[in-house]
Amino acid sequence: MTRNRDHLLAEAVRLREGGRREEARQRLLALCEQFPTDPEVAYQTAWVHDALGLEAEAVPHYVRAVEGGAGSGLSPDDRRGALLGLGSTYRVLGRYPEAVVTLGDAVAEFPDDAALKTFLAMALYNTGRAHDAMEILLTVLASTSQDPDIVSYRPAIEHYAKDLDATE
């Protein structure tokens, strides 16, 4: 049964990656019926819905994929991707408080992930927390940029990230 599931799941992922998203969606929905508690199937199903612009339909699949925490059955990379997908999808749907909670929890779980921090900053901005959003973005910029101009101003950027209203 697992071997068949693995084969069918891999085939659906190949379809999605090959641009045959609707066909992949149909196959993944069928897999969801067969394996309703499988986090990998749920994650891939959410992903294909997102890729098709069906964000509202993606949410319950993302939720199912990440429930159970770090021991949900997803690899760390897939869990990180599912949390980012769920948080981003909440934001796109205007569900900003849920996006902030999801992405904030994800950043706590994966503190070195700059993409999660960036999406959290966008969600914070959407909730009126522009100062917090700028602090995160400036910190990410200072710590990840290889641009020589940014690198030369890294200490100043890091300083202002902590206190954007500082004048010195």
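Taking region 3-39 and a reference point 7 angstrom along Cα→Cβ of Ala115, the backbone N atoms nearer than 16 Å belong to 17.
The residue among Leu74, Ala123, Leu15 whose Cα reaches farthest toward the positive pole of the charge dipole of the chain, with charges on the beta-carbon of Lys, Arg, Asp and Glu, is Leu15. Taking 0.36 nm per residue of separation and subtracting the current Cα-Cα distance, fully stretching the chain between Ala166 and Asp6 would add 52.1 nm.
Evaluating 6.51 cos²θ - 1.76 cosθ + 1.60 at θ = phi - 60° for every residue in region 109-126, the Karplus couplings come out as 6, 10, x, 9, 8, 5, 5, 4, 4, 5, 5, 4, 4, 4, 5, 4, 4, 5 Hz, glycine and proline recorded as x. The gain in end-to-end length when the Gln34 to Arg154 segment is fully stretched comes to 38.0 nm, 0.36 nm per residue minus the alpha carbon separation. The structure-derived value of P(r) over Cα pairs in 5 Å bins from 0, in percent appears in the list (1) 1, 7, 13, 13, 12, 10, 8, 8, 7, 6, 5, 4, 3, 2, 1, 1, 0, 0, 0; (2) 1, 8, 14, 19, 19, 17, 12, 6, 3, 1, 0, 0; (3) 1, 9, 16, 17, 16, 13, 10, 7, 5, 3, 2, 0, 0 under the label (3). The helix-only estimate of mean residue ellipticity at 222 nm for the chain, built from DSSP H runs of length n ≥ 4 each weighted as -39500 (n - 2.57), is -24000 deg cm²/dmol after division by the residue total. Between Glu17 and Arg129, the contour length at 0.36 nm per residue exceeds the Cα-Cα span by 36.7 nm. Look at where the Cα atoms of region 1-52 and of region 56-130 average out, and the two centres are 20 Å apart. Computed from phi, the 3J(HN,Hα) profile of region 86-91 under the Karplus parametrisation 6.51, -1.76, 1.60 (θ = phi - 60°) reads 5, x, 5, 5, 4, 5 Hz, with x in place of Gly and Pro.
Read the figures in this text as sums done on the coordinates, not as results from a lab. Remember, it's a predicted structure, so these values are computed and weren't measured experimentally. Neighbour counts run over all protein chains shown; Cβ positions are idealised from the backbone, glycine included.
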